[in-house]
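This report concerns only the one structure given below.
The values are calculated or read from the model by the stated rules, or taken from the named source; none is laboratory data. The model shown is predicted, which means the values in this text are computed figures rather than measured ones. Neighbour counts run over all protein chains shown; Cβ positions are idealised from the backbone, glycine included.
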Amino acid sequence: MPIPANDFPRMWRDVEAEAVAVFREVGAGGWYILGPSVRAFEQALAQAWGLPHACGVASGLDALEIGLRALGCGPGSRVLTTPVSAFATTLAIVRLGAEPVFADIDEYGLIDLAACREAFARDPDLRWFVPVHLYGHALDPALLRALHKESGCVMVEDCAQSIGTPSGLTGEAAATSFYPTKNLGALGDGGALLTRSEAVASAARALRDYGQTAKYRHAHVGWNSRLDELHAALLHRVFLPRLAGWTARRREIAAQYLAGIRNPAIRAPGAPPGAVSCWHLFPVLVEDRAAFLRRLRAEEITGGEHYPVAIPDQPVMQTVRWHAAGSLERARAWCRAEVSLPIHPYLTDLEINRVIEACNRYAPGH
């Protein structure tokens, strides 16, 4: 049987009875947008995260953009971030009229916090920071707190891939995504902004709903970015209760990969020492990516590329004002070499062994 990157049919067989019951209940209730299911999920998500406020929105991109806007980021703001991430991280900055400033990455593919410290020290106009907890690896919280304090920056953490780790607790706000491939994914799109600040949460709730502070009272130029009742109910009652078990299984799979892959042509960086990871993805670096992907396809295994082009090198960035805080050489090298192996909670041990064996049979150039 083929081994996909994510097995949604297998997941559906697990959740179908509960999901259909939730669908019937929400449908019969007659309230489909920003109702009791959204409020209940927001409360449960905030409690699980360890923050007092959560605001459900339509996507992870919107969560980042609304969070930055609620904190005052706008045209001309310079925002430090990573060149290796989903494009949504940079898109949220650019759509506000702000200017992304890219710092290089470390050996694990995460933004290099030492390079960030240097960037803040060099540039007094650099006051905003969007760090990304990429691949499910939480950035070092002690280093992140120290950087936040030393620089005095305003921080919105991109936690789209890191739910279930101690991420999102340092900055003024944290954004996450419920895109179906995420560790806590919906059956469609969705996202949330989390924060300690009641003022930021209140602003975000207005911004997500046309900028309304009360019915037909528009105080801001806002978005149409509302998490719907059905997805909120599914996330709250069907998926969130499974998250701890799903995360534990991802960690088991990652441990098996790290122990079993012994091919010198493949480097599995793993998580940084001492880091907590929920293993949203399992990236490896290979000498000949095209050949490696052919090897996986020949064995009916889906390999992913996260992310094959550094964000500053995307064609649209030729039309955008951006800056580099030093060399981005490591980021570009990472993008040329990275492949993601299948890692999802429904993989069987036999499938994991098939992936390991395929990796160990791989020979560059073949």
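Beta carbons closer than 9 Å, at least 6 apart along the sequence or on distinct chains, pair a first residue in the range 173-196 that is assigned to a strand (DSSP E or B) with a second that is of a type in the set (K, R) and buried (at least 24 other Cβ atoms within 10 Å of the Cβ) for L193/R208. Per the listing P315, P272, the residue uniquely closer than 13 Å to G109 by Cα, surrounded by fewer than 19 Cβ atoms within 10 Å (Cβ to Cβ) and at pLDDT 95 or above is P272. The condition of being over 19 Å from the mean Cα position of the chain (by Cα) and assigned to a loop (DSSP other than H, G, I, E, B) holds for only one of W12, W31, that being W31.
Could you tell me whether V101 is buried (at least 20 other Cβ atoms within 10 Å of the Cβ) and either modelled with pLDDT under 95 or touching a helix residue (DSSP H, G or I) at 6+ places or on another chain (Cβ under 6 Å) (or both)? For V101, the condition - buried (at least 20 other Cβ atoms within 10 Å of the Cβ) and either modelled with pLDDT under 95 or touching a helix residue (DSSP H, G or I) at 6+ places or on another chain (Cβ under 6 Å) (or both) - is not met. Mind listing just one residue for me: the one in the range 65-76 that is touching a residue at least 24 places away in the same chain (Cβ under 8 Å) and within 19 Å of R321 (Cα to Cα) and, of those, surrounded by the most Cβ atoms within 10 Å (Cβ to Cβ)? Restricting to residues being touching a residue at least 24 places away in the same chain (Cβ under 8 Å) and within 19 Å of R321 (Cα to Cα), the top hit is E65. Are any of the residues in the range 208-217 more than 30 Å from A146 (Cα to Cα), crowded, with 20+ Cβ neighbours inside 10 Å and in contact with a Cys (Cβ under 9 Å, 6 or more places away or on another chain)? Yes, the range 208-217 contains a residue that is more than 30 Å from A146 (Cα to Cα), crowded, with 20+ Cβ neighbours inside 10 Å and in contact with a Cys (Cβ under 9 Å, 6 or more places away or on another chain). Restricting to the range 197-237, and then to whatever is in contact (Cβ under 8 Å) with a residue 12 or more places away in the chain and assigned to a strand (DSSP E or B), can you tell me which residue is nearest to A19 (Cα to Cα)? Restricting to residues being in contact (Cβ under 8 Å) with a residue 12 or more places away in the chain and assigned to a strand (DSSP E or B), the top hit is D228. Taking the stated definitions as given, is R332 out of contact with any strand residue (DSSP E or B) (no Cβ under 9 Å at 6 or more places or on another chain), more than 30 Å from G97 (Cβ to Cβ) and either among the charged types (D, E, K, R) or at pLDDT 95 or above (or both)? For R332, the condition - out of contact with any strand residue (DSSP E or B) (no Cβ under 9 Å at 6 or more places or on another chain), more than 30 Å from G97 (Cβ to Cβ) and either among the charged types (D, E, K, R) or at pLDDT 95 or above (or both) - is not met.
Taking interchain pairs and intrachain pairs at least six residues apart, which have beta carbon atoms under 9 angstrom, with the first residue in the range 26-52 and in the same structural domain as L194 (by TED's automatic domain parsing) and among the acidic types (D, E) and the second at pLDDT below 95 and not in a loop (DSSP other than H, G, I, E, B)? From residues that are in the same structural domain as L194 (by TED's automatic domain parsing) and among the acidic types (D, E), there are no pairs.
Scanning the range 287-309 for residues that are within 22 Å of A98 (Cα to Cα) and touching a Phe, Trp or Tyr at 6+ places or on another chain (Cβ under 8 Å) yields nothing.
Let me confirm something: among L91, L80, which residue is at pLDDT 95 or above and under 21 Å from S151 (Cα atoms)? Residue meeting the stated conditions: L80. Check N353, N360 and return the single one that is within 20 Å of R294 (Cβ to Cβ) and either among the hydroxyl-bearing types (S, T, Y) or modelled with pLDDT of 95 or more (or both). N360 is the lone residue from the list that is within 20 Å of R294 (Cβ to Cβ) and either among the hydroxyl-bearing types (S, T, Y) or modelled with pLDDT of 95 or more (or both).
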